[in-house]
Amino acid sequence: QPENLQKNWLREFYQVVHTHKPHFMALHCQEFGGKNYEASMSHVDKFVKELLSSDAMKDYNRARVYLDENYKSQEHFTALGSFYFLHESLKNIYQFDFKAKKYKKVTGKEIYSDTLESTPMLEKEKFPQDYFPECKWSRKGFIRTRWCITDCAFDLVNIHLFHDASNLIAWETSPSVYSGIRHKALGYVLDRIIDQRFEKVSYFVFGDFNFRLDAKAVVETLCAKATMQTIRAADTNEVVKLIFRESDNDRKVMLQLEKKLFDYFNQDVFRDNNGTALLEFDRELSVFKDRLYELDISFPPSYPYSEDSSQGRQYMNTRCPAWCDRILMSHSAKELILKSENDEKIVIYDHIGPNVCMGDHKPVFLSFRIAAGAGKPIANVHKCCVVQ
């Protein structure tokens, strides 16, 4: 129901915009156009048109939209969409040209699609095929843009990392093989954005990291008092299903696990107190603690929500709920947003549309203020005043 979903999605999004009234806004989308991209193109165009012309966004008189729509190019297609909106009150904002290696003043509204490879205002890369051999044609990758506002320069990276292809394989080891693949890909992105080609600046990396809870530890905790039954395929003897039953209580089924089934009998465990009891199993970011910072999570797992428009709070029983969608930052970016120079610094990290169907992922957002000139001690960014 794309029309219905888009209406709900935009209404919730506009509500957040209205509440926080940002002067600069970045919206990062992944798997833009959905899995069946070719058939969904018209919906993508409607979404972009609505976003740029809506009454809710009328005070944003400049915009940059980057859509990777070149789905015929297996070599390059990432299905990423990056939107940037500038409020009319915001003066002196510049975007970096990676080819010319200089900042350019942002005016007007521009949309770039198809072959983003030829756009010097961004860097885009798809992860090598051998990173995730289980998938014949992965769309995972990243898009990077660089901005300078009131002498403060920063990178914004739209990222989509690899998913868990099988719950059964994810359950086998701790940490799972998929966790290792995501670790490798995220490390690749971080190395890329701080390499020697350009001046180092603060950065924010946000999108669908596909971070999952440690499946083995979660199952062992949720089913601590259960007995496990293994079901194998008759022809190959391969494990196709695990059934965890309570030892007493008429051997009630607590959890059924298949390649694409995670059916736990009590979903409240993922929702009560925003699921924070499960945060101890959210371990994938710990490898990067020296490189990345995240504010405390105070919202429930962002995936996988039901795509039934009448079930805005219900999780699908395909995967163990997890905080896939995140906003991470360099330690210099953390200093930028948490500096206590003025009392108005309110930082909010939350999700959008808690009670409404937003698709299988709930968007997350980060709202903060940057004091004028706050970036000067971090990097030699006053250079960006020498612009075209």
Q. What size of dipole, in debye to the nearest 20, comes out for region 1-156 about its Cα centre when the only charges are +1 on Lys and Arg C-beta atoms and -1 on Asp and Glu C-beta atoms?
A. 440
Q | Rounded to 5, the percent of DSSP beta bridges in the chain classed as antiparallel | A | 85
**Q.** Coil-residue GluC sites (Glu not before Pro) of region 43-101, DSSP, other Cβ within 10 Å capped at 16
**A.** GLU75, GLU88
Q: With all protein chains present, calculate the accessible area of MET41 using a 1.4 Å probe and round the result to the nearest 10 Å².
A: 40
Q. Quick one: putting +1 on the C-beta of Lys and Arg, -1 on the C-beta of Asp and Glu, what dipole do you get for the chain around its Cα centre, in Debye to the nearest 20?
A. 1020
Q. Just one of (i) 38, 22, 22; (ii) 43, 24, 19; (iii) 63, 26, 19 is semi-axes √(5λ) of the Cα gyration tensor in Å as worked out from the coordinates here. Which one is it?
A. (i)
Q) What helices does the chain hold that run 20 Å or longer along their axis, going by alpha-carbon atoms, with a Kyte-Doolittle average of -0.5 or more, using DSSP H for the helix calls? A) 37-53, 177-193
Q: Note down the magnitude of the dipole of region 207-327 about its Cα centre, charges +1 on Lys and Arg C-beta and -1 on Asp and Glu C-beta and zero elsewhere, to the nearest 20 debye.
A: 260
Q: Sort region 27-160 into rounded, prolate or oblate with this rule: let a ≥ b ≥ c be the square roots of the eigenvalues of the Cα gyration tensor; rounded if a/c is under 1.5, and if a/c is not under 1.5, prolate when a/b is larger than b/c, oblate otherwise.
A: oblate
Q) Are there GluC sites (Glu not before Pro) in region 201-254 that DSSP puts in a loop and that have at most 10 other Cβ atoms within 10 Å, and which ones? A) GLU238
(Q) Run the helix sum for the chain: -39,500 (n - 2.57) per DSSP H stretch of 4+ residues, divided by residue count, reported at 222 nm to the nearest 500 deg cm²/dmol. (A) -6000 deg cm²/dmol
Q) Using alpha-carbon pairs under 8 Å, 6+ residues apart, how would you state the relative contact order of region 110-150 in percent? A) 37
Q: Mind running the shape call on region 269-373? Use the C-alpha gyration tensor, a ≥ b ≥ c as the square roots of the eigenvalues: rounded below 1.5 for a/c, prolate if a/b tops b/c, oblate otherwise.
A: prolate
Q: With a 1.4 Å probe and every protein chain left in place, work out the accessible area per residue of the chain in Å², rounded to a whole number.
A: 47
Q) Non-local amide H neighbours of LYS259 (under 5 Å, H modeled in plane, Pro and chain starts lacking H): which ones? A) LEU168
Q | Heavy-atom SASA rank of ARG11, ARG62 (probe 1.4 Å, accessible area, largest first) | A | ARG11, ARG62
Q) Given a 1.4 Å probe and every protein chain left where it sits, what share in percent of the accessible area of the chain is carbon and sulfur? A) 49
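The values are calculated or read from the model by the stated rules, or taken from the named source; none is laboratory data. The model shown is predicted, which means the values in this text are computed figures rather than measured ones. For neighbour counting, all protein chains shown are included, and Cβ atoms are generated from backbone atoms with ideal geometry for every residue, glycine included. These area figures cover heavy atoms from the full protein model, side chains too; ligands, DNA and RNA do not enter into them. Shrake-Rupley method; radii C 1.70, N 1.55, O 1.52, S 1.80 Å.
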